[in-house]
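Accompanying notes for the structure given below.
The values are calculated or read from the model by the stated rules, or taken from the named source; none is laboratory data. It should be emphasised that the depicted structure is a prediction, and the values quoted were computed from it without experimental measurement. As a convention, Cβ positions derive from the backbone with ideal geometry for all residues, glycine included, and neighbour counts pool all protein chains shown.
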Amino acid sequence: MKNHLEQQWFAHAPARLIGTVALSVGVVLSVAERVGAQQVGAKAAGDSRVAVSAADTVPIRVKSVRPKTGPDLAVGVEQPANIAPYYRADLFAKVAGTVTFLEKDMGHTVTKGEKVVVIDPVQGTPADVALGELRAPFAGVIASRAVDVGTFVPSAMIVPGAMPIVTIVRTDIVTVAMRVPDTVAQLVGKDTEVELRMDSVSGAPIRCTITRISPALSPSDRTLRVEIDIYNGTPAEFRAFVAQSEQTQHADLKGRELPQLPKGLAEGSAAHLIPGSYGRMQLVVKRFAETPLIPSAAIVRQGGVPYLYRVEAGVARRARIAVDIDDGTLARVVWMDSADGKDIRRELRTDEEIVVSNQGELDDGQRVSATLQ
């Protein structure tokens, strides 16, 4: 009996095995179909949420401008400027002795070669007596006086740190000096326009041009020193000064070069610049007639590379640029397009809309709501 049952079991075993496998496959396929359906549904729901999210994105509010051109657009640099006397000379005692002559005081004028100080030397040799006379090296004004008659003074050639007896300055001409940053130094020349504004004087700026330029940058701060010699009197006084200076072929002037009579003053008035005072000097390094310029604030840098965002159909597009010059207010830039692996410079168009605010919140392709300034 037992053998008969075992024979029946083994006879029907293949059929049972096939049924079991089929059932397992069916279960697996059913589970896979349910999982796949769930994944497809989840993906569809996710895509829908992404689409809804993109559709509901609020545009970032920005301000924008169009590049401007015109004959009045200029790029310059402004730096502090100091006013110094055209000439300054400190008169020191060359011999030790007692001051016996010093008639002029602070504010008094002196002529070139005039005897200003006499010192009675301790050693009365003819050479010492000659050294005891101090004369004005140029026509000017006494700016300071340190001693009186009867004062014993040491020889500045022996005693280190000896004070000058008197200081003489020339103030009918003043020299205005400014240090130009190396970023614009190559654009500065003797024909560069200059506007000088004094901190203590309101009104229109004084206009002139550069008198002299240092041939090299200062190694300490990499700036270029420029100077302007300005006549400090009225136009009538300037004409008399020029006529007198021509008689000596301008021998008393630096480089035999006449100072400038500044423009921008009221008719018949003088500059009256006080040595030792400070102002602001602006150099107009370049004027642009038809070149599009943009505000410097529009430029953004990422990894040291300059970019602009331009508005196209309500979207901010980031594009690489090259900055030709930037004075902190206006900038002259060009687009840097790429073709065949090469950079191609392209001028900005005046109909392009450039973002000038909130660039830190933008990505390339970001939707924006731009207000044109």
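Some points to look at:
- If only residues of region 116-161 that are of a type in the set (A, V, I, L, M) and more than 49 Å from the chain's Cα centre (by Cα) are counted, the one that is surrounded by the most Cβ atoms within 10 Å (Cβ to Cβ) is ILE119.
- For SER338, the criteria (1) in contact (Cβ under 8 Å) with a residue 24 or more places away in the chain; (2) exposed (fewer than 11 other Cβ atoms within 10 Å of the Cβ); (3) over 28 Å from GLN79 (Cβ atoms) hold in every case but one, which is (1).
- Of all residues making up region 227-266, the number that are surrounded by fewer than 16 Cβ atoms within 10 Å (Cβ to Cβ) and not in a loop (DSSP other than H, G, I, E, B): 14
- Looking across region 72-118, just one residue is part of a loop (DSSP other than H, G, I, E, B) and under 30 Å from THR223 (Cβ atoms), and that is ASP72.
- All of VAL149, VAL141 fail the test of being farther than 30 Å from VAL77 by Cα and either in the same structural domain as ASP327 (by TED's automatic domain parsing) or in a loop (DSSP other than H, G, I, E, B) (or both), apart from VAL149.
- Residue satisfying all of: in region 76-86; under 11 Å from the mean Cα position of the chain (by Cα) and buried (at least 17 other Cβ atoms within 10 Å of the Cβ); modelled with the highest pLDDT among these: VAL77
- Number of positions in region 261-291 that are in contact with a Lys or Arg (Cβ under 7 Å, 6 or more places away or on another chain) and at negative phi: 6
- Selection of region 264-322 for residues being modelled with pLDDT under 90, of a type in the set (Ser, Thr, Tyr) and more than 26 Å from VAL169 (Cα to Cα) yields only THR291.
Table: residues versus (1) without any contact (Cβ under 8 Å) to a residue 24 or more places away in the chain; (2) of a type in the set (S, T, N, Q).
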site	(1), (2)
GLU227	no, no
SER245	yes, yes
ALA251	yes, no
LYS254	no, no
GLY268	no, no
HIS272	no, no
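- Flag for THR183 being closer than 28 Å to VAL75 by Cβ and outside any strand (DSSP E or B): yes
- ARG320 satisfies every condition listed in (1) farther than 21 Å from PRO181 by Cβ; (2) charged (D, E, K, R); (3) in contact with an Asp or Glu (Cβ under 8 Å, 6 or more places away or on another chain) except (3).
- Filtered residue count, region 75-99, keeping only those that are among the acidic types (Asp, Glu) and over 30 Å from ASP327 (Cβ atoms): 1
- Just one of the listed residues (VAL315, VAL284) is within 29 Å of the chain's Cα centre (by Cα), touching a residue at least 12 places away in the same chain (Cβ under 8 Å) and under 30 Å from VAL355 (Cα atoms), namely VAL284.
- Residues in region 181-207 that are within 27 Å of ALA89 (Cα to Cα) and of a type in the set (A, V, I, L, M, F, W, C) were compared, and the one that is surrounded by the most Cβ atoms within 10 Å (Cβ to Cβ) is LEU196.
- The condition of being crowded, with 18+ Cβ neighbours inside 10 Å and either part of a loop (DSSP other than H, G, I, E, B) or among the β-branched types (Val, Ile, Thr) (or both) holds for only one of ILE321, ILE274, ILE344, that being ILE321.
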